[in-house]
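The values are calculated or read from the model by the stated rules, or taken from the named source; none is laboratory data. Because the structure is a prediction, the values reported are computed rather than measured. Here Cβ is always computed from backbone atoms with ideal geometry, including for glycine, and neighbour counts include all displayed protein chains. The accessibility values were calculated without ligands, DNA or RNA, using every heavy atom of the protein model including side chains. Shrake-Rupley method; radii C 1.70, N 1.55, O 1.52, S 1.80 Å.
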Amino acid sequence: MKKWLSLIFVAFFVLVLSACTATKDAGEKTNTEKEPETEGEEKEEPVTKAEKVLYLNNGNEPTSFDPSIGFDAVSWSALNNLMEGLVRLSKDHVAEEATAEKIDISEDGLTYTFTIRDNAKWSNGDPVVASDFVYGWLHMLNPETASPAAFLAYFIEGAEAYNSGEGTADAVAIKALEEKVFEVKLAAPTEAFLNIITNPSFFPVNEKVATANPTWFTEAESFVGNGPFKLTEWKHDVSFTFAKNENYWDAGTVKLDKVQWAMINDSNTEYQMYQTGELDTSGVPSELAESLINDPELKNEDQAGLYFYRFNTSMEPFTNKKIRQAFGYAVNQQEIVDFVTKVGQKPAEGFVPYGFIGPDGKEFRDTAGVLIKHDAEKAKALLAEGMKEEGYSELPAVTLTYSTSDSHKKIAEALQSKFKEVLGVEVALQNVEASVFATEQKEFKYQMSRSSFLFDYADPVNALESFITGSSMNRTTWSNAEFDKLIADIKNEKDATKRWELLIQADKLLMDEMPIFPLYYYNQVTLEKPSVSGIVRHPVGYMDLKWADKN
């Protein structure tokens, strides 16, 4: 009898214990915090703290977690949280010390010396050392790697020659002076250099790990990073999971315990998962954009990029500056964003978008001011003056070309209507498949054609330099010696204030000559649960979860 009573008592005790510890978060890991007991005090119940897990959608399988290869939207955001460079963009999108605790710049602006933090470690516990940066950057520049981001490093002495197969790795001016000291020499002073190297392509690679396993970046079990989070699971084409990296030098700032990334490549499914609480953030399906634009959970943030049109300045009638200006001033950018795109973009008032802060702490766009805005009367007057200068009694036929897409078509039709209304000009529309369009635009086959630009790094020169004479990004045939000189001066100017003034001059000159006319600046429209805070979406295109939190 005693034996049976004992068994019943044990079973009852286990049942009671299970009931006490079960919570609505059963199955989820919790942290138990308990003050030590002292004699005579009542026993306190353990305080349980639910794990903070953020649920996001990456859309697709990352292209690669090799930082030299993952140069795209489906790789950047993840890499930016798994790894970290010498510098990192702050909450205010300014490059600041990160893995490097100290940065020394030579008086001539050519040599950068980075002192790496003593407590900078890899997720496996290895120290981050200068040779890891040498290894990672040379891997990016190695022609055999075929990194799409290698051009960003061409500021470095010897980098372009090595990447193009005309030089050697030894001639690239980067080296480890000491275990924790990394030196870089530039071919010319580059004020934007610190912004450029925030790009994930400039992250270090653990040389010891990569040498032992060249495919270290392909699986969670072998991946080694040095960022705020570590990769703990990767179900290819399904999901991947981050956990807080306890070895990160600034781990105390990181509030999330985990980040779970889905891979749902359908905007409507993503939105439904957000609605049911399976995701903490979501993009906005295009068909719901207008109805959700005033949703209190919607965040509308700047993205460093713009939608614009190019003129071919070698094709009549756009050989004439005033005729180009007439077409530019005929456009009503505000109407385009209000009635055509309808997702809260800002109308473009110059070429450089919002998201760039000058040395005075002010937005570039605010300082540069309004350089283009709809003005029907001015457009008509400019067209008449231009036609008179060219001796036109009738304007040569004009064709507007766009790449096949419903959204591009709607914008093209709106422009066609406006040119007729303001200028009395009949403009023909031509749509071309995207792959053919890109090739033919580079070959200068179009009179006037749609285009877009997304910044690779957080500095206005990244877009402005596209229009120097002979640039493969120009695609207008426009050439201007004054503009070329401005860009050259910008690249060599060491004084930040003077350099900013030159950038503003370049923006103004480009808009005055008008080889292009801008329509609107890109934005990032995201739904985000009220329980989430601190996610930083940089205008340059990637997301930072270092400061994110979830209640």
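Can you list the helices (runs of 4 or more DSSP H) found entirely within segment 342-447 that contain at least 1 residues being of a type outside the set (Gly, Ala, Ser), within 23 Å of residue 474 (Cα to Cα) and touching a residue at least 40 places away in the same chain (Cβ under 8 Å)? Spell out how you get there, then give the answer.
Values: elements: 364-368, 376-390, 406-423, 434-442.
Those helices (runs of 4 or more DSSP H) span 364-368, 406-423, 434-442.
Does residue 97 fit the bill of being within 20 Å of residue 185 (Cα to Cα) and among the acidic types (Asp, Glu)?
Details: within 20 Å of residue 185 (Cα to Cα): yes; among the acidic types (Asp, Glu): yes.
Spelling it out, residue 97 is indeed within 20 Å of residue 185 (Cα to Cα) and among the acidic types (Asp, Glu).
Exactly one of (1) assigned to a loop (DSSP other than H, G, I, E, B); (2) open to solvent by 20 Å² or more (accessible area, probe 1.4 Å) is unmet by residue 317. Its number?
(2) is the only condition that residue 317 fails.
Which of the residues spanning segment 355-383 are open to solvent by 40 Å² or more (accessible area, probe 1.4 Å) and not charged (D, E, K, R)?
Scanning segment 355-383 gives 357, 359, 361, 367, 370, 374, 381.
When you look at residue 495, is it open to solvent by less than 70 Å² (accessible area, probe 1.4 Å), of a type in the set (D, E, K, R) and in contact (Cβ under 8 Å) with a residue 12 or more places away in the chain, yes or no? Break it down stepwise before answering.
Values: open to solvent by less than 70 Å² (accessible area, probe 1.4 Å): yes; of a type in the set (D, E, K, R): yes; in contact (Cβ under 8 Å) with a residue 12 or more places away in the chain: no.
Spelling it out, it is not the case that residue 495 is open to solvent by less than 70 Å² (accessible area, probe 1.4 Å), of a type in the set (D, E, K, R) and in contact (Cβ under 8 Å) with a residue 12 or more places away in the chain.
Scanning for something more than 25 Å from residue 252 (Cα to Cα), modelled with pLDDT of 95 or more, crowded, with 22+ Cβ neighbours inside 10 Å and not hydrophobic (A, V, I, L, M, F, W, C), does segment 120-128 turn up at least one residue?
No, because not a single residue in segment 120-128 is more than 25 Å from residue 252 (Cα to Cα), modelled with pLDDT of 95 or more, crowded, with 22+ Cβ neighbours inside 10 Å and not hydrophobic (A, V, I, L, M, F, W, C).
Considering only residues that are of a type in the set (A, V, I, L, M) and in a loop (DSSP other than H, G, I, E, B), look in segment 262-280 and name the one that is surrounded by the most Cβ atoms within 10 Å (Cβ to Cβ). Steps first, please.
Applying the first criterion (of a type in the set (A, V, I, L, M)) to segment 262-280 yields 262-264, 273, 279.
Going one step further and asking which of them are in a loop (DSSP other than H, G, I, E, B), we end up with 263-264, 279.
Working: 263: 17, 264: 21, 279: 24.
So, considering only residues that are of a type in the set (A, V, I, L, M) and in a loop (DSSP other than H, G, I, E, B), the one surrounded by the most Cβ atoms within 10 Å (Cβ to Cβ) is 279.
Against the conditions (1) within 22 Å of the chain's Cα centre (by Cα); (2) over 30 Å from residue 284 (Cβ atoms); (3) open to solvent by less than 10 Å² (accessible area, probe 1.4 Å), where does residue 500 fall short? Just the number, please.
(3)
Can you find, within segment 347-383, the residue that is nearest to the chain's Cα centre (by Cα) among those that are at positive phi and modelled with pLDDT under 95?
Once the filter is applied, the top-ranked residue is 355.
Tell me, yes or no, whether segment 513-532 has at least one residue that is in a helix (DSSP H, G or I) and touching a residue at least 24 places away in the same chain (Cβ under 8 Å).
Keep residues of segment 513-532 that are in a helix (DSSP H, G or I), which gives 513.
Subsequent filtering for residues that are touching a residue at least 24 places away in the same chain (Cβ under 8 Å) retains 513.
The answer is yes, given that some residue of segment 513-532 is in a helix (DSSP H, G or I) and touching a residue at least 24 places away in the same chain (Cβ under 8 Å).
Would you check if residue 247 is assigned to a loop (DSSP other than H, G, I, E, B), open to solvent by 70 Å² or more (accessible area, probe 1.4 Å) and of a type outside the set (Gly, Ala, Ser)? Talk me through it step by step, then tell me what you get.
Values: assigned to a loop (DSSP other than H, G, I, E, B): yes; open to solvent by 70 Å² or more (accessible area, probe 1.4 Å): no; of a type outside the set (Gly, Ala, Ser): yes.
Considered against the rule, which asks whether it is assigned to a loop (DSSP other than H, G, I, E, B), open to solvent by 70 Å² or more (accessible area, probe 1.4 Å) and of a type outside the set (Gly, Ala, Ser), residue 247 comes out as no.
So which residues in segment 491-529 are of a type in the set (Val, Ile, Thr), touching a Pro at 6+ places or on another chain (Cβ under 9 Å) and over 28 Å from residue 449 (Cα atoms), if there are any at all? Give the derivation first.
Step one: of segment 491-529, the residues of a type in the set (Val, Ile, Thr) are 497, 504, 516, 525-526.
Subsequent filtering for residues that are touching a Pro at 6+ places or on another chain (Cβ under 9 Å) retains 497, 504.
497, the sole residue that qualifies.
Quick check on this structure: which one of 65, 114 is buried (at least 18 other Cβ atoms within 10 Å of the Cβ) and part of a strand (DSSP E or B)?
Checking each option against the conditions leaves just 114.
Return the only residue of 510, 486 being open to solvent by less than 40 Å² (accessible area, probe 1.4 Å), over 24 Å from residue 89 (Cβ atoms), without any contact (Cβ under 8 Å) to a residue 24 or more places away in the chain and in a helix (DSSP H, G or I).
Working: 510 fails: without any contact (Cβ under 8 Å) to a residue 24 or more places away in the chain.
Result of the check over 510, 486: 486.
Among the residues of segment 250-261 satisfying the criterion of being in contact with a Pro (Cβ under 9 Å, 6 or more places away or on another chain) and assigned to a loop (DSSP other than H, G, I, E, B), which is surrounded by the fewest Cβ atoms within 10 Å (Cβ to Cβ)?
The extreme case among them is 250.
For segment 438-464, name all the residues that are at pLDDT below 95 and among the acidic types (Asp, Glu).
Correct list: 456, 459.
Test each condition in (1) closer than 21 Å to residue 190 by Cα; (2) surrounded by fewer than 23 Cβ atoms within 10 Å (Cβ to Cβ); (3) out of contact with any Asp or Glu (no Cβ under 8 Å at 6 or more places or on another chain); (4) at pLDDT 95 or above for residue 469 and report the one that comes out false.
Only one criterion is unmet by residue 469, namely (3).
Checking the conditions here, which among 299, 342 is open to solvent by 30 Å² or more (accessible area, probe 1.4 Å), within 24 Å of residue 533 (Cβ to Cβ) and of a type in the set (D, E, K, R)? Lay out the reasoning, then the answer.
Numbers: 342 fails: within 24 Å of residue 533 (Cβ to Cβ).
The unique qualifying residue is 299.
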